[in-house]
Amino acid sequence: MALYQAKADGRGQISFYLPQLDETRVRHARLETDLAVALERNEMSLVFQPIVCTISGRPISYETLARWTHPEFGPIPPETFIALAEANQTIFSIGDWVLNQACAQAATWEEDTSVSVNISPVQFRDPTLASRISSTLEQTGLPPSRLILEITETAFLSASDTTLSTLKHFKDLGVKFSIDDFGTGYSSLQSLLRFEFDKVKIDQSFIRELSHSTRARAVVEMVTQITKKMNITSTAEGVETEEQLACLAELLCPEVQGFLISSPCPLNELPAELQPRIAGPTADALLRA
């Protein structure tokens with residue numbers, strides 16, 4: 001256990017055995033086992049974080065995020081259980097559930113509001129992903145144009161030609177694509193040439209430095225201008241202060257997302273002005289239920 005801890009800490013590191021290492025190993029094994037049945041036990045839930053127009057402040061779309069509440073350990077951080085899910089392959093069943101729930105929910109909203117779903121690198125390499133997404137759209141009745149698939153820059157750069165062909169097929173059907181954490185990869189601009197993305201999400205590391213770094217401001221301004229010329233919408237992630245929001249509005253960044261607007265939460269816990277508008281009375285009753 002000490003050896004594996006040293007390896008996890010990086011090259012040239014030293015780790016001594018401590019009882020906590022055994023406790024961590026046991027907890028990890030327990031979580032891995034319990035995650036396989038979390039959906040069956042109704043332990044998974046969804047939260048939504050609105051993405052709003054910088055000018056009007058009105059929600060344009062909602063990012064869907066999975067949450068896991070363990071019956072004994074309580075809420076498990078997403079970075080923990082997603083990594084476990086990718087390792088033990090439960091990411092496929094969890095990913096299908098998230099996609100289905102998100103699309104079903106969005107189908108009740110007015111037609112000018114979209115829903116975005118994250119696709120992990122493991123899902124991204126799955127040859128059956130296309131058929132499962134098509135099936136979900138057909139079952140839920142959500143128009144393809146109102147679904148946004150978010151892909152990390154790292155996952156996209158490692159995509160095979162077969163995967164790119166699949167993405168282009170969905171693009172032709174009307175599904176939109178967003179590249180997440182833009183600016184952190186080693187070939188960000190190359191990504192924009194390799195595939196016709198609809199949106200780019202400017203990584204929060206740049207937004208965090210925006211108010212006191214001229215370099216961060218220059219990067220955000222450059223991305224906003226380049227994407228506008230390429231007919232791509234830019235979204236600033238991790239907006240947490242009024243100062244950041246004002247700066248982004250000044251730089252003409254069209255969309256923003258972050259804790260200043262709202263933290264990720266169930267739809268019924270969003271402020272009234274940020275809740276999605278429902279298409280009709282039947283859908284309204286479904287949302288309340």
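The values are calculated or read from the model by the stated rules, or taken from the named source; none is laboratory data. These numbers come from a predicted model, not from an experiment. Note that we place each Cβ from the backbone using ideal geometry, even for glycine, and neighbour counts take in every protein chain shown.
Some points to look at:
- Residues in the stretch 196-220 that are surrounded by 16 or more Cβ atoms within 10 Å (Cβ to Cβ) and over 14 Å from Val52 (Cα atoms): 15 in all.
- The condition (being at pLDDT below 95, in the same structural domain as Trp97 (by TED's automatic domain parsing) and under 20 Å from Ala107 (Cβ atoms)) is satisfied by just one residue among Gly174, Gly183: Gly174.
- Neighbours by Cβ (under 6 Å, 6+ apart or cross-chain): first from the stretch 95-109, in the same structural domain as Asp126 (by TED's automatic domain parsing); second small (Gly, Ala, Ser) and assigned to a helix (DSSP H, G or I): Thr108/Ala283
- Out of Ser191, Ser178, sole residue that is of a type outside the set (D, E, K, R) and surrounded by fewer than 20 Cβ atoms within 10 Å (Cβ to Cβ): Ser191
- Residue within the stretch 194-206 that is of a type in the set (A, V, I, L, M, F, W, C), closer than 26 Å to Glu240 by Cβ, assigned to a helix (DSSP H, G or I) and in the same structural domain as Leu137 (by TED's automatic domain parsing) present: yes
- So Arg41, is it basic (Lys, Arg) and closer than 29 Å to Pro266 by Cα: yes
- Qualifying residue in the stretch 30-38 (condition: in a strand (DSSP E or B) and either within 30 Å of Val256 (Cβ to Cβ) or outside the structural domain of Arg125 (by TED's automatic domain parsing) (or both)): no
- Selection status of Ser262, under 22 Å from Lys176 (Cα atoms), touching a strand residue (DSSP E or B) at 6+ places or on another chain (Cβ under 9 Å) and either hydroxyl-bearing (Ser, Thr, Tyr) or not in a loop (DSSP other than H, G, I, E, B) (or both): no
- Hey, Pro78 out of contact with any Cys (no Cβ under 7 Å at 6 or more places or on another chain) and assigned by TED's automatic domain parsing to the domain that holds Ile119 or not: yes
- Flag for Pro71 being within 15 Å of the chain's Cα centre (by Cα) and surrounded by fewer than 17 Cβ atoms within 10 Å (Cβ to Cβ): no
- Among the residues making up the stretch 240-259, those that are touching a residue at least 12 places away in the same chain (Cβ under 8 Å) and in a helix (DSSP H, G or I) are Glu242, Glu243, Gln244, Leu245, Cys247, Leu248, Ala249.
- Flag if Leu252 is surrounded by 16 or more Cβ atoms within 10 Å (Cβ to Cβ) and assigned by TED's automatic domain parsing to the domain that holds Lys199: no
- Taking (1) surrounded by 15 or more Cβ atoms within 10 Å (Cβ to Cβ); (2) free of Cβ contacts under 8 Å to residues at least 12 places away in the same chain; (3) of a type in the set (D, E, K, R) in turn, Glu138 satisfies each apart from (1).
- For the stretch 242-262, a residue qualifies if it is within 15 Å of Val223 (Cβ to Cβ), of a type in the set (D, E, K, R) and touching a Ser or Thr at 6+ places or on another chain (Cβ under 9 Å), and exactly one does: Glu255.
- Filter result for Asp34 (within 24 Å of Pro78 (Cα to Cα) and either in contact with a helix residue (DSSP H, G or I) (Cβ under 8 Å, 6 or more places away or on another chain) or surrounded by 15 or more Cβ atoms within 10 Å (Cβ to Cβ) (or both)): yes
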